[in-house]
1. Roughly how far apart, in whole Å, are the Cα centres of region 79-117 and region 183-223?
2. Provide the per-residue ³J(HN,Hα) series for region 156-162, in order, calculated from phi with Karplus coefficients 6.51, -1.76, 1.60 and θ = phi - 60°, each as a whole number of Hz, with x at glycine and proline positions.
3. Separation between the Phe39 and Asp66 pseudo-spin-labels, each 7 Å from Cα along Cα→Cβ, expressed in nm?
4. With all protein chains present and a 1.4 Å probe, how do Lys234, Lys62, Lys98 order by accessible area, largest first?
5. Can you bin every Cα-Cα distance in region 43-104 into 10 Å intervals starting at zero and give me the percent of pairs per bin, rounded to whole numbers?
6. Given labels modelled 7 Å from the Cα in the Cβ direction, how far is it in nm from Lys198 to Ile186?
7. Which of the pairs Lys42/Lys234; Lys42/Lys91; Lys42/Lys98 have their Cα atoms more than 26 Å apart in this structure?
8. To the nearest 10 square angstrom, how much accessible area does Asp30 have with a 1.4 angstrom probe?
Amino acid sequence: MAFFCIHPAVLAESPPSIEVGRFSNATAEDALPLHWEIFSFKGIQRHTIYRLVEENGMVVLKADADASASGLMRKIRIDPKEYPIIQWRWKVANVLKKGNVYQKDGDDYPARIYVVFEYDPSRLSFSERIQYKVAKKLYGEYPPSATINYIWASSAPKGLFVPNPYTERAMMVVIEIGEKHSGTWISERRNIYEDFLKSFNSEPPMISSVAIMTDTDNTGESATAYYGNILFSKE
C-alpha cells in the first residue's frame, strides 16, 4: 500500500539535465561515442574523420577535415522548454581563410554544433509541406523543420544571427570568431529556447537530434577541431 501513496509528481519528476554527449566516459579505443552516428551529404565524396582521443587525461572527440564534409549526429528527443540550456566546450587548431557566413562558397566552419528541430507541418506553408512530403519519399523521413547552428566563424560579428546561405530554415549563430582563441578550450552556454524565438519568431518544436560538424568542402581548406561533453539542462 505504501507504493500507491507516493505522490504522482515524485514518480514523474524529470532529471535536471540530459547528457547528450558524454565523451569523457568513453575510451580512446572506441570507434565512435555511444549513440552517435556518422551522417554525410549526397554528392560530397570526401568525409571528415571523427575519432575519440585522449588529451590531458580526458577523452574528447577530434575532427579532421581536408576539403571534406560530414557530421556526427545523435538522435534524441528533447523538449527545449523543459531543457533550454545547452552547454559544451570546444577547441579549434585553426580557422578558415575563405570562410564566409554570407556566401555558399564560404559556408565552412572548423567547428559547429547543430541543434535540429523535428518536422512540424503546422509551421509550414502548403508548398513547403509538399516539398517535405517529396523529401520523405526520397530519403525515408521528413527533413527537420529548422536547425540552429552554433559556429566558430572566420570573421563575423560575435553574437551575429544570420540565415544559412543555402536555406532560411537554418540559422547560424556566431559564438566564436577568428584565431584569437585557437588552441584553447572554450566553454559555451546558450539558451536554445530563446535563440529559437529570436531566429524564427515562433515557439520551437521538439528537438529531434544534436550534431557536430567540422567541414571544409566549400573552401577546399583543412581544419582540426576538438569537442568536449555536450549537456542540456533546465533553467
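1. Between the Cα centre of region 79-117 and that of region 183-223, the gap is 4 Å.
2. 6, x, 5, x, 5, 9, 9
3. Here the modelled spin labels are 2.6 nm apart.
4. Descending accessible area places them as Lys98, Lys234, Lys62.
5. 14, 36, 35, 15
6. In this crude label model, Lys198 to Ile186 measures out at 1.5 nm.
7. Long pairs (Cα-Cα over 26 Å): Lys42/Lys234; Lys42/Lys91.
8. Accessible surface of Asp30 is approximately 60 Å².
The values are calculated or read from the model by the stated rules, or taken from the named source; none is laboratory data. Just so you know, these numbers come straight off a predicted model, no measurement behind them. Cβ sites come from the backbone with ideal geometry, for glycine too, and all protein chains shown count toward neighbours. Heavy atoms of the whole protein, side chains included, go into the accessibility calculation; ligands, DNA and RNA do not. Shrake-Rupley method; radii C 1.70, N 1.55, O 1.52, S 1.80 Å.
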